[in-house]
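No lab work stands behind these numbers, since they all come straight from the coordinates. Note that the structure is a prediction, hence the values are computed from the model and not measured. Using ideal geometry, Cβ is built from the backbone for each residue, glycine included, and neighbour counts are taken over all protein chains shown.
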Amino acid sequence: MIPLSWLIALSAVVFAIGVVGVLVRRNALVIFMSIELMLNAANLAFVAFANQMKSLDGQVFVFFVMTVAAAEVAIGLAIIVHLFRLRETVFVDEIHLLKG
Amino acid sequence: MLAALFVGFAALLVVTSLMVVLHKNPVTSALFLVLAFCSLAGIYLLLRAEFLGMVQIVVYAGAIMVLFLFVIMYLNLQHDVETGLQIAVRRGIGWFVGVLMLLTGAALLKRGWALGPANEVLPGAEQGNVAAIGRVLYSRYLFPFEITSILLLVAMIGVIVIARGRSRAHAAGGGAGGGA
């Protein structure tokens, strides 16, 4: 069997990569992809612990996380499309309408 | 054998995730993300989460990534132009925070948190866990499952309202309801 620590380490690495992506990139679409990476890292931790505890509850939670991720992607991409129509850009540092 | 497969999938996952973050072209990033999701599905299979492995491929690599690619190509984006001092500073901060998170995780691991081998084979794992997941989902988690449908409905209506845009919404508001 795969040791739990490996799985948690992999989850942490993927989550950190997602954090770097959100902080480093300017393209809103790539930021969204990085958020997906972080959600998937959390899912991996859920599945790892569910496997460790011989319980299905963790896997059911992953199912719900996937649903929320799908809804979030749909709404987020719609917002990005709308922003692009208004401002002709998807770079987050050029969108400062609420900055005052 | 299992460990070798896991190491292979994990290496693929980490490399493709890095490429998602580092590559300048959003389309290439999206395609690398598909590969990352597929390797994650492989890891799910290794962990005896067959249902989630399949759903991962269908929902993430299929639906969500097609949505991403569709929007990227619809917007017809050029490459990122990432130069200038401000962006360099921000990039430095981003990498610093990422490395900090990794070090925190490493420190936690070193203190013996979540160490030790996983359990042996799950009982009755040979026939897959789709039936078991379905049983749990439709009994103990029935209410959250139903709430999920409301969430999806809200998302669907929200997307339609947002994507319809301002000008047409105004026009439809004056008319007889629009038809969108």
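Structure summary
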quantity	calculated
Cα-derived Rg over Rh, computed across chain A with Rh taken as Kirkwood radius	1.10
Average partner coverage of B:6-15, which counts Cβ from other chains inside 10 Å	3
Chain A: most fluctuating residue of A:Ala45, A:Ala12, A:Ala78 per GNM, C-alpha cutoff 10 Å	A:Ala78
Whole-number D in µm²/s for the protein assembly as shown (Stokes-Einstein; Kirkwood sum over Cα pairs; 4 °C, 1.567 mPa s)	64
Inter-chain Cβ neighbour average for residues A:50-60, partner chain, 10 Å	6
Rel. contact order, % - alpha carbon contacts under 8 angstrom, at least six apart, region B:1-93	27
Cβ-derived FRET efficiency at R0 41 Å, A:Thr89 paired with A:Trp6, nearest 0.05	0.50
For peptides B:16-22, B:131-137, sequence by mean Cβ density within 10 Å, most packed first	B:16-22, B:131-137
Residues B:Ser139 and B:Ala63, FRET efficiency given R0 of 35 Å [Cβ-Cβ distance, rounded to 0.05]	0.85
Relative contact order %, chain A, counting alpha carbon pairs below 8 Å whose residues are six or more apart	27
Stretchable slack from B:Ala3 to B:Leu85, in nm (0.36 nm times residue separation minus alpha-carbon distance)	25.1 nm
Distance (nanometres) between label positions extended 7 Å along Cα→Cβ at B:Val99 and B:Ala131	5.3
Most mobile listed residue (A:Glu88, A:Glu36, A:Glu72) in chain A, GNM with C-alpha springs under 10 Å	A:Glu88
CD proxy at 222 nm, helix term only [per DSSP H run n ≥ 4: -39500 (n - 2.57); per residue of the protein assembly as shown; nearest 500]	-24500 deg cm²/dmol
